[in-house]
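Have a look at the structure below before the remarks.
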Amino acid sequence: QVQLVESGGGLVQPGGSLRLSCAASRNIFGFYAVAWYRQAPGKQRDMVATIAGVTSINYADSVQGRFTISTDNRNNTVDLQMNSLKPEDTAVYYCNARDNIRTYWGQGTQVTVSS
């Protein structure tokens, strides 16, 4: 059973930064894609950033230029660096990974952007 555990969420002021990390229970390079999603209250869960294969990276238009997704080979994590945060970035952020069998989700971490 694959487990994904997110960390790094919290409360931050507008314009601030946070770094989320997702630790996987198996080698992340065994997945064909890893991603971050988010879900705000009363809204659907949307893709934020994704890495497919080695070099294919995509971002939602709303975070392009502010967020950066990356993988840490040594710690076996998928990280999301979030800069210039806005109140509309407030949501529960979920780690996602896919292999040839199924899709896996973490339990989520709350990010709140407020003054």
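The values are calculated or read from the model by the stated rules, or taken from the named source; none is laboratory data. These numbers were taken from a predicted model, which means no experiment stands behind them. Quick reminder, even Gly has a Cβ in these numbers, built from the backbone with ideal geometry, and neighbours come from all protein chains shown. Just the protein is used for accessible areas: all its heavy atoms, side chains included, with ligands, DNA and RNA removed. Shrake-Rupley method; radii C 1.70, N 1.55, O 1.52, S 1.80 Å.
Selection of the range 29-46 for residues being under 14 Å from the mean Cα position of the chain (by Cα), touching a residue at least 24 places away in the same chain (Cβ under 8 Å) and not in a loop (DSSP other than H, G, I, E, B) yields Ala33, Val34, Ala35, Trp36, Tyr37, Arg38, Gln39. State yes or no: is Val63 under 17 Å from Lys86 (Cα atoms), among the β-branched types (Val, Ile, Thr), assigned to a loop (DSSP other than H, G, I, E, B) and at pLDDT 95 or above? When the stated conditions are applied, Val63 passes them. Taken over the range 4-28, the residue count meeting the criterion of being of a type in the set (S, T, N, Q) and free of Cβ contacts under 8 Å to residues at least 60 places away in the same chain is 3. A search for C-beta distances below 6 Å between a residue of the range 63-82 that is over 17 Å from Ala52 (Cα atoms) and any residue that is surrounded by fewer than 15 Cβ atoms within 10 Å (Cβ to Cβ), counting only pairs 6+ apart in sequence or on different chains, returns Arg66/Asn83; Arg66/Ser84; Gln81/Arg19. Applying the criterion of being open to solvent by 40 Å² or more (accessible area, probe 1.4 Å) and small (Gly, Ala, Ser) to the residues of the range 83-115, the residue that is nearest to Ala49 (Cα to Cα) is Ser84. The residues in the range 4-56 that are open to solvent by 30 Å² or more (accessible area, probe 1.4 Å), closer than 13 Å to Ala91 by Cβ and of a type in the set (Gly, Ala, Ser) can be counted, and the count is 2.
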